Structures are given as C-alpha cells and as structure tokens.
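Below: the structure, in structure tokens.
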Amino acid sequence: MKKIEAIIRPEKLNEVKAALERENHFSMSVMEIRGRGKQKGAMLTWRGTEYLMEMVPKVKIEMVVRDESAEKVVEIIRRSAYTGKIGDGKVFVLPIEEAVRVRTGERGEDAL
C-alpha cells in the first residue's frame, strides 16, 4: 500500500476530485493548509499596494491506495492540478506498513 499526499492550489480541488472519481478513486481526506515553496510566498496587490503573502493557501489531499494504483493516481493528480505556473504543488508517495478498518478489524488492503 502507498500513501499519496498531494499539495495543490485550492481552486484545482474540484477538478482533481472529479478526475480521481472518474477512475474510481473515491477515498480521500482533504485539508486546507498554508505553506510556501521555493518562491517564498506570493506578491499580491490590494488597493494599489503590493505586499508579500509568505504563507500561501493550499489544499492537501491524502489517500491510501494499492501499490499497483499509486502511479496512476499520481498521474491523475498531476494532470488535473496542472496550470503551468509556479505554485502548482507537489505529490509525495510514502509506503504504508499496515491499515486496519476500525469497524470490522479488517487489515491490509482489505481495510481500504
């Protein structure tokens, strides 16, 4: 099993979610977060005054999938979150040692 953590632009969430659902990937957790990458924030203009927003709003999607689905899920997220501009986000893939469904006690991939 693999855990996929994707940090994307908030305005791309519905597009990413819809693309994942079209491929029968429904289970996910979504969190609103703030962060910054190499760009160290974003310059914004408000009422004619420029200011630096150091921590930019982002959305974090977490999913646990079977090993054989991981690369496909990463590619779906990458394609649907893409704008071509700095700040499109990142996708991380981590190994998962065990999963347990609380209600039934099922373990491993059966718990997914």
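Under the combined filter of DSSP loop state and at most 11 neighbouring Cβ atoms within 10 Å, the range 1-74 retains these chymotrypsin sites (Phe, Trp or Tyr not before Pro): Phe26. Relative to the longest principal axis of the Cα atoms of the chain, helix 13-22 runs at roughly 30 degrees.
What FRET efficiency do you get for Val93 and Gln39 if R0 is 22 Å and r is their Cβ-Cβ distance, rounded to the nearest 0.05? Here the calculated transfer efficiency is 0.40.
Axis angle, to the nearest 10 degrees, between helix 70-81 and the longest C-alpha principal axis of the chain: 30 degrees.
Please tell me the relative contact order of the range 2-111 in percent, rounded to the nearest whole number, where contacts are Cα pairs under 8 Å and at least six residues apart. Kindly include the intermediate steps, with their values, before the conclusion.
On the way: 169 pairs, mean separation 44.0, N = 110.
Once normalised by length, the contact order is 40 percent.
If R0 is taken as 41 Å, the Cβ-Cβ distance between Thr104 and Tyr51 corresponds to a FRET efficiency of 0.20.
Contact order for the range 1-56, expressed relative to its length and based on alpha carbon pairs under 8 Å spaced 6+ residues apart, stands at 23 percent.
Coordinate-derived values only; no laboratory data. Predicted model only: the values in this text are computed from it and were never measured. Glycine gets a Cβ as well: all are built from the backbone with ideal geometry, and neighbour counts include every protein chain shown.
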